[in-house]
1. What FRET efficiency comes out for the pair residue 73/residue 98, r = Cβ-Cβ distance, R0 = 45 Å, nearest 0.05?
2. Points 7 angstrom from Cα along the Cβ direction at residue 10 and residue 80: gap in nanometres?
3. Computing the accessible area with a 1.4 Å probe over protein heavy atoms, can you report the carbon and sulfur percentage for region 1-96?
4. Considering only protein heavy atoms, what per residue accessible area in square angstrom results for region 9-64 with a 1.4 angstrom probe?
5. Whose amide H sits under 5 Å from the amide H of residue 22, counting only residues 5 or more places off or on another chain, with H placed in the peptide plane?
6. What FRET efficiency would be calculated for the residue pair residue 241, residue 31, taking the C-beta separation as r and a Förster radius of 45 Å, to the nearest 0.05?
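The values are calculated or read from the model by the stated rules, or taken from the named source; none is laboratory data. All figures in this text were calculated on a predicted structure; none of them were measured in a lab. Please note: Cβ atoms are built from the backbone with ideal geometry, for glycine as well, and neighbour counts cover all protein chains shown. Accessible surface is based on the protein model in full, side chains and every heavy atom, while ligands, DNA and RNA are left aside. Shrake-Rupley method; radii C 1.70, N 1.55, O 1.52, S 1.80 Å.
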Amino acid sequence: MRQSAPRFPDGAASRAVLIGCGDFDDIDLPAIPAVKPNLTDLHSALTHRTHGILPPEHCRVLADPADHRSVGMALAQAAREAEDLLLVYYTGHGLLDEDGLLHLALSSTDPGHVGFTGVPADLVKRHLGRARARLRVLVPDCCFSGRAVAAMTESGSLLTAQPDLSGTYTLTSTTATAPSHARPGQRHTAFTAALLDALEQPQPLALDDIHQHIDTVLQGMGLPRPQRRSVNAAGDLALVRGPVQPHAGTPARGRSVSASRRPTRRPGAAVTSSRPS
């Protein structure tokens, strides 16, 4: 059973940036049709009129950004404005440079020059970690996203001012060495389908419970397991206030989610690292 009731962010003081790239200029980067539905349906869930945690104007969607500037400006604005929750989600290709560092692909990314044309995941993490928001959440749905689970850089002044409330949470679609999956004919990628399914449960799930729900679904499908890292008081944060209905015309089977079981948090489960895959 859940050990404590989930905590809900203050929507007026919170911001989310949802970034996705599904169409690419380079022929070596295949299109990902599920990216746009991922963005649309996650935005709908977070801003749901009854059960969402954010007003629509506080949840920004960047679809197929071509350059670093648009991504950087959106992240910087959200970081300036967010005081309670700052959530950043990415869906698309995750690419590694010659040093094995994860980059998030943009529509103009050149796979041969990832370091210059992709967005370094470490840069996103640094911006998140230094933001003034009390709670900072990073959710990358891409290949090799497990490389983003290292702790975000924390602001010393923030931790001193909010020792019991501040925290960071990283939830990734796969491990550091495995691909993420988007099955042909499915509306969403496998990870985001399971995430949306978690947001449709009868009672709102906290982030730790969302991770466990996604892990149960993906493991049941024979896919790589999601990873997480929670620092300080972040694992009890909820992303919706109640069940969010599936996108119109999109039954659960269209998401490759085999079950809608609500998992329970295991007593004593670690919150500083994910279960190994």
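1. 0.95
2. Taking the simple label geometry, residue 10 and residue 80 are separated by 2.0 nm.
3. Carbon with sulfur: 55 percent of the solvent-accessible area.
4. In whole numbers, region 9-64 has 44 Å² accessible per residue.
5. HN-HN under 5 Å from residue 22: 64.
6. 0.85
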